[in-house]
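What follows is a set of notes on a single structure, which appears directly below.
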Amino acid sequence: MVDDTALEALYDYPPALSAPFVQVNFVASADGGAELAGTSAGLSSPGDRAILALGRDLADVVLVGWGTASAEGYRGIKRRELRDRRRAARGLSEVPPIAVVSGRCSVPADSPLLTDTLVPPIVITCGSAPPERRRALADAGADVVVAGDDGVDPAAALAALAERGLLRVCCEGGPVLFGALVAADLVDQLNLTVSPVLAGGGATRIAAGTRPDAPTRLALESVATENGFLMLRYRRSG
């Protein structure tokens with residue numbers, strides 16, 4: 001693995017953004033599985049976790065599906081010395097908000113995302129979500145965004161984040177959200193760690209859902225290794 005300074009140079013967002021730039025972070029087994037026993041923890045490594053933390057350090061907002069946030073025990077992002085230094089150097093807020101995507105507005109009002117956080121979360125849902133759930137989350141302090149009618153529209157969700165000045169988007173999954181972003185051709189960068197593990201049949205892939213009309217072409221921008229783990233950074237080609 002390279003040191004922190006080199007990692008920052010590799011994984012930083014493009015300067016002077018005028019539209020959302022979406023980078024997606026995933027770890028996968030060598031045979032393409034996205035989880036072991038329902039979570040990604042068994043696939044990860046210190047280097048993978050350093051890249052995940054770096055994504056949060058450099059982002060305006062962390063985007064995640066509620067299924068992943070629930071399974072992985074998400075709560076608000078905390079301050080730490082390295083994070084403070086990185087964000088201050090770029091003129092960013094102390095910590096980024098977490099934007100949780102839930103078409104049914106299923107985030108409980110007492111979730112640690114709302115009760116253990118330094119900044120209010122953003123809950124991205126759709127018009128068909130039960131109004132009482134939307135009200136409960138708004139009353140609990142969440143910024144509730146309706147992006148789409150019968151389902152969450154990824155482009156509308158990113159537009160709502162852009163309206164809030166949140167252009168540096170770090171998506172942490174899960175597969176359904178990633179698949180929706182791929183289908184809408186909204187992924188600019190993929191940070192993929194390949195774990196030296198065979199998950200076997202039945203493991204979830206990192207992208208799920210509707211196949212796009214045409215694949216998104218990527219260029220391999222950087223490669224790093226650590227104890228058998230392979231960290232790949234792909235950016236949209238052209």
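Identify the single condition in (1) farther than 26 Å from residue 200 by Cβ; (2) in a helix (DSSP H, G or I); (3) without any contact (Cβ under 8 Å) to a residue 40 or more places away in the chain that residue 82 does not satisfy, given that it satisfies every other one. Result: residue 82 fails condition (3) only. In the range 103-123, the qualifying residues are those that are outside any loop (DSSP other than H, G, I, E, B) and touching a helix residue (DSSP H, G or I) at 6+ places or on another chain (Cβ under 8 Å), and the one that is surrounded by the fewest Cβ atoms within 10 Å (Cβ to Cβ) is 114. Selection within the range 195-238: residues that are touching a Gly at 6+ places or on another chain (Cβ under 9 Å) and β-branched (Val, Ile, Thr). The member of this set that is nearest to residue 153 (Cα to Cα) is 210.
Within the set 69, 99, the sole residue that is assigned to a strand (DSSP E or B), open to solvent by less than 10 Å² (accessible area, probe 1.4 Å) and within 29 Å of residue 203 (Cβ to Cβ) turns out to be 99.
Restricted to the range 126-231, the set of helices (runs of 4 or more DSSP H) holding at least 2 residues that are surrounded by 14 or more Cβ atoms within 10 Å (Cβ to Cβ) and under 20 Å from the mean Cα position of the chain (by Cα) comprises 154-163, 175-183.
Within the range 22-31, how many residues turn out to be over 19 Å from the mean Cα position of the chain (by Cα) and within 23 Å of residue 184 (Cα to Cα)?
0
Kindly check whether there is at least one residue in the range 41-60 that is more than 15 Å from the chain's Cα centre (by Cα) and among the polar types (S, T, N, Q). Yes; the residues of the range 41-60 include at least one that is more than 15 Å from the chain's Cα centre (by Cα) and among the polar types (S, T, N, Q).
Taking the listed residues 216, 193, the one that is more than 16 Å from residue 22 (Cβ to Cβ) and hydroxyl-bearing (Ser, Thr, Tyr) is 193, with no other qualifying. Residues in the range 1-40 that are hydrophobic (A, V, I, L, M, F, W, C), touching a residue at least 24 places away in the same chain (Cβ under 8 Å), open to solvent by 40 Å² or more (accessible area, probe 1.4 Å) and in a helix (DSSP H, G or I): 10 only. Residues that are under 22 Å from residue 104 (Cα atoms) and of a type in the set (D, E, K, R) were ranked within the range 33-81; the one that is modelled with the highest pLDDT is 75.
The values are calculated or read from the model by the stated rules, or taken from the named source; none is laboratory data. On a predicted model such as this, the values are computed, not experimentally measured, just so you know. Using ideal geometry, Cβ is built from the backbone for each residue, glycine included, and neighbour counts are taken over all protein chains shown. Keep in mind that these areas ignore ligands, DNA and RNA; they rest on the heavy atoms of the full protein, side chains included. Shrake-Rupley method; radii C 1.70, N 1.55, O 1.52, S 1.80 Å.
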